[in-house]
Amino acid sequence: MVAILLRIVNQHVHYTLSPFWFGVTTVSESLLVLLLVPSVYNFAHYTAYGVSLFMVSGVFNYMGQMLKSLALKYEEASVVTPFSYLQVLYLFVCDVVIFKYSFNSTDILGTIIISV
C-alpha cells in the first residue's frame, strides 16, 4: 500500500518530499519519546565515532528513500516493491560477511515474517 501511495503522491509533488517528511516525522517522534520518557535513551556509551556512523547511516537511508521514491515515480509499484522486500536478505548477507554474525532461530523467524 505504501508503494502505491508513494507512486500516486510522486506524480503530483517532487520525489524528495516523501523521504524528507519521513525523516521529519521520525525525528519528531523520537524527540517526543525522549521528552516523555528520558530514561529510554542512554547516550553515555556513544562515542564520536559511533555518532558519526549513525549520521552516515542516516544520509544513506535518506538517499535510499529518495531513490526508492524516484523509482516509484517512473516504474510500476509491482516492479519496484520486490526489491524493498529483498533488503532483509541483503542485511543478512552484510551481517555474515562484514560482522561475522551467526543467526539463531529467532532471527530467521523474524526474517520470514518481514519478508512474507
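The values are calculated or read from the model by the stated rules, or taken from the named source; none is laboratory data. Model, not experiment: these values are computed from the prediction. Every residue, glycine as well, gets a Cβ built from its backbone with ideal geometry; the counts of neighbours run over all protein chains shown.
Summed over the stretch 63-78, residues that are exposed (fewer than 12 other Cβ atoms within 10 Å of the Cβ) and over 21 Å from HIS12 (Cβ atoms) total 1. What do you reckon, is PHE60 outside the structural domain of LEU91 (by TED's automatic domain parsing), surrounded by 11 or more Cβ atoms within 10 Å (Cβ to Cβ) and not acidic (Asp, Glu)? For PHE60, the condition - outside the structural domain of LEU91 (by TED's automatic domain parsing), surrounded by 11 or more Cβ atoms within 10 Å (Cβ to Cβ) and not acidic (Asp, Glu) - is not met. Evaluated against (1) loosely packed, with under 12 Cβ neighbours inside 10 Å; (2) part of a helix (DSSP H, G or I), SER30 falls short on exactly one condition, (1).
Just one of the numbered conditions (1) under 19 Å from the mean Cα position of the chain (by Cα); (2) at pLDDT 80 or above; (3) farther than 22 Å from ILE114 by Cα is not true of SER18: (2).
Might you let me know whether the stretch 93-102 holds any residue that is modelled with pLDDT of 80 or more, farther than 30 Å from TYR15 by Cβ, outside any helix (DSSP H, G or I) and of a type in the set (Phe, Trp, Tyr)? Yes - at least one qualifying residue is present in the stretch 93-102. Among residues of the stretch 74-99 that are touching a residue at least 24 places away in the same chain (Cβ under 8 Å) and within 16 Å of GLY64 (Cα to Cα), those with a beta-carbon under 7 Å from a residue that is polar (S, T, N, Q) and surrounded by fewer than 13 Cβ atoms within 10 Å (Cβ to Cβ) at least six positions away or on a different chain give the pairs TYR85/SER115; VAL88/SER115. Taken over the stretch 63-91, the criterion of being part of a helix (DSSP H, G or I), over 28 Å from PHE103 (Cα atoms) and of a type outside the set (A, V, I, L, M) is satisfied by LYS68, SER69, LYS73, TYR74, SER78.
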